[in-house]
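Q: Below are the structure tokens for one structure; questions will follow.
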Amino acid sequence: MTDIQKFYADVQRILKHDRAEHSDTDGIRTSTAITCLFEKEITGLGSIPRETALYWLHRYIEQSPELESEPTASHIDWLAGALSLLQGDTEGTEVFTAEDWKELKDIVNYEAEVIPLETLSQLMSIFLAHGVI
């Protein structure tokens, strides 16, 4: 099982647990639990995982016209793509908009001094390939 597959499986467990524990559907509560999972999946990158998760929460979840349906499958795919990106891969990143790419690059740039050089180089190469540098 890859890290991304494990992430999807863990997200499904969170969704199942939330439905079992609460009679109401609260997209913010569920999505916040998923952001905590996302942050734990990535180590050694300073506040990048947290800032990425907050961007996702504010940009996609809190702005949703159907908050009770959040997180949608496409929004979970977005976060899985971000996990892949921060691991130096591009699997699943096709869901990112130009604005997403710019924001993710800015998040990484802000924390560049705490990222291992090899990881920073991988991320910058990916950003360059997507035209945001």
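Q: Does L57 qualify as being at pLDDT 95 or above and closer than 18 Å to T43 by Cα?
A: Numbers: at pLDDT 95 or above: yes; closer than 18 Å to T43 by Cα: no.
No, not satisfied.
Q: Tell me which residues, restricted to region 9-67, are touching a residue at least 60 places away in the same chain (Cβ under 8 Å) and assigned to a loop (DSSP other than H, G, I, E, B).
A: Here is the first cut: in region 9-67, the ones touching a residue at least 60 places away in the same chain (Cβ under 8 Å) are 11, 44-48, 51.
Residues satisfying the conditions are G44, L45, G46, S47.
Q: Which one of these does T72 not meet: (1) open to solvent by less than 70 Å² (accessible area, probe 1.4 Å); (2) at pLDDT below 95?
A: (2)
Q: What is the residue count in region 115-133 for residues that are open to solvent by 70 Å² or more (accessible area, probe 1.4 Å) and not small (G, A, S)?
A: 6
Q: Scan region 1-14 residue by residue and report those that are open to solvent by less than 80 Å² (accessible area, probe 1.4 Å) and at pLDDT below 95.
A: Of region 1-14, the ones open to solvent by less than 80 Å² (accessible area, probe 1.4 Å) are 2, 4, 7-11, 14.
Selection gives T2, I4.
The values are calculated or read from the model by the stated rules, or taken from the named source; none is laboratory data. Here the structure is a predicted model, which means the values were calculated and not measured. Positions of Cβ are generated from backbone atoms using ideal geometry, with glycine treated the same way; all protein chains shown enter the neighbour counts. All accessible areas refer to the heavy atoms of the entire protein, side chains included, with ligands and DNA or RNA removed. Shrake-Rupley method; radii C 1.70, N 1.55, O 1.52, S 1.80 Å.
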